[in-house]
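Notes follow once the structure below has been shown.
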Amino acid sequence: MNTKTIGLTTIFGIALLLSLNTASAQQITNTSITVGSTTRSAALEKKIKNWQGRGAKEIDKRIENMGKLSVRVNAMKNISAGDKTALSGTLGGLSNGLSVLKMAISAESSTTTLGENLKSLMEAYRVYTLLEPQVHVIIAADRIKTIINQQTIVAGKLQSRLAQDVNLSTNTAVQASLADFTVKITSAATEAQAAVTLIASLKPDMGDKTIMNANTKALKDSQVKIKVAEQALKDSRKDLQVIVKLITTKPTSSASSISATSTSDR
Amino acid sequence: MSKTAKTWITVIIIIVLIIAVWIIWGGNKAVIPAPTPTPTADLQGTSNNASSSDLVSSGLTTAMNDNSDTAVASDLATIDAEMVGLGEDSKSADSSINNPPSSPGDGLQ
């Protein structure tokens with residue numbers, strides 16, 4: 001009995017020792033794997049940190065830009081409250097999505113999941129690369145309309161002043177400036193509207209090269225139209241200046257006419 | 001009572017009555033309010049009312065329409081400020097179209 005017990009105990013002990021030895025060997029094996037791949041793991045860790053850092057930096061930059069754009073959108077004067085809300089909502093939605101993505105990226109240690117997160121950042125990037133210039137064009141077009149309204153008001157005031165002086169109102173330079181002013185203001189309005197129309201219905205390319213090229217062309221064409229409108233407003237502003245100068249420094253013939261009229265009134 | 005005394009008393013009474021009548025009549029006359037001109041009469045008056053031409057010559061119309069040199073100069077200054085803003089907007093649009101931000105995936109290998 002004792003012998004049997006001793007034998008069983010011995011067998012159990014050997015089995016236990018073997019088991020412990022195997023576990024120990026496995027542990028050693030695992031450690032050795034870890035130890036053996038320390039250089040590779042550090043490189044991977046460095047890569048993950050690098051990806052996370054770059055992702056966070058790019059996201060922060062976009063969120064900051066969208067915040068600035070949102071401020072400008074809310075300051076626009078010529079779009080409806082509904083359009084303004086919709087545009088701000090789009091910017092805010094993308095910004096919030098990027099914030100969530102940034103948190104996910106910073107918390108991720110799996111390269112597979114991190115890769116997927118970065119891929120979704122690429123998709124968000126594609127939305128952003130279209131949305132940012134789109135909003136810039138809309139903002140510029142809105143400012144063009146504001147300036148058109150302001151210049152038109154000033155032109156109306158100057159015409160009221162001219163109406164009090166027949167000779168000045170029929171002055172060739174005044175007439176030419178007024179005619180050119182109308183042409184330039186009309187051109188600015190047309191170009192600004194065309195710029196917005198060009199980019200209003202664009203969709204993110206999501207990696208499609210053909211769509212990407214079409215979007216880029218539409219955006220560049222719209223920017224050309226904004227510049228044409230800007231130049232037209234500079235020209236119309238010069239027209240106003242010519243009229244102002246003629247009013248404030250009346251031509252000799254006009255001055256004598258005003259003097260004669262005043263005398264006859266007396 | 002002598003005749004002279006009666007005469008003096010009569011004279012005094014008459015004087016007192018005259019003074020009384022004068023005070024009563026004159027006092028009442030002072031209390032009577034002066035006739036107040038009705039608004040209609042005032043508006044229809046001609047001597048102190050300004051005509052439209054008077055308003056023009058006084059500069060009031062000019063002020064209302066804000067056509068003065070100062071107002072126009074102020075408007076033009078506002079326009080010039082907006083033009084500067086438009087130049088910045090245009091540059092921002094140009095930059096975002098021609099120089100898009102780097103892709104977050106670039107170099108992530």
- [ ] Determine, for A:224, A:137, B:21, B:72, the number of other Cβ atoms within 10 Å of each Cβ, and report the residues in order from fewest to most.
- [x] B:21, A:224, B:72, A:137
Task: Backbone HN-Hα couplings from phi across the range A:80-86 [Karplus 6.51/-1.76/1.60, Hz, Gly and Pro as x] - done: 5, 4, x, 5, 4, 5, 5
Task: For A:216, B:70, order by how many other beta-carbon atoms lie within 10 Å, fewest first - done: B:70, A:216
TODO: List B:96, A:169 from most exposed to least, where exposure is judged by having the fewest other Cβ atoms within 10 Å.
DONE: A:169, B:96
Task: Unsatisfied cross-links (Cα-Cα over 24 Å) in the set A:184/A:227; A:77/A:102; A:77/A:157; A:184/A:245; A:61/B:91; A:145/A:184 - done: A:77/A:102
Task: Assigned charges on the beta-carbon of Lys, Arg, Asp, Glu; the range A:100-237 dipole about Cα centre (debye) - done: 260
- [ ] Would you kindly derive the ³J(HN,Hα) couplings of the range A:181-190 from the backbone phi angles with the Karplus curve 6.51 cos²θ - 1.76 cosθ + 1.60 (θ = phi - 60°), listing them in order in whole Hz, with x for Gly and Pro?
- [x] 4, 4, 4, 5, 5, 5, 4, 4, 5, 5
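Laboratory data are not the source of any read-out in this text; all were calculated from the coordinates shown. Everything numeric in this text was worked out from a predicted model, so none of it was measured. Ideal geometry is used to build each Cβ from the backbone, glycine not excepted, and the neighbour counts take in all protein chains shown.
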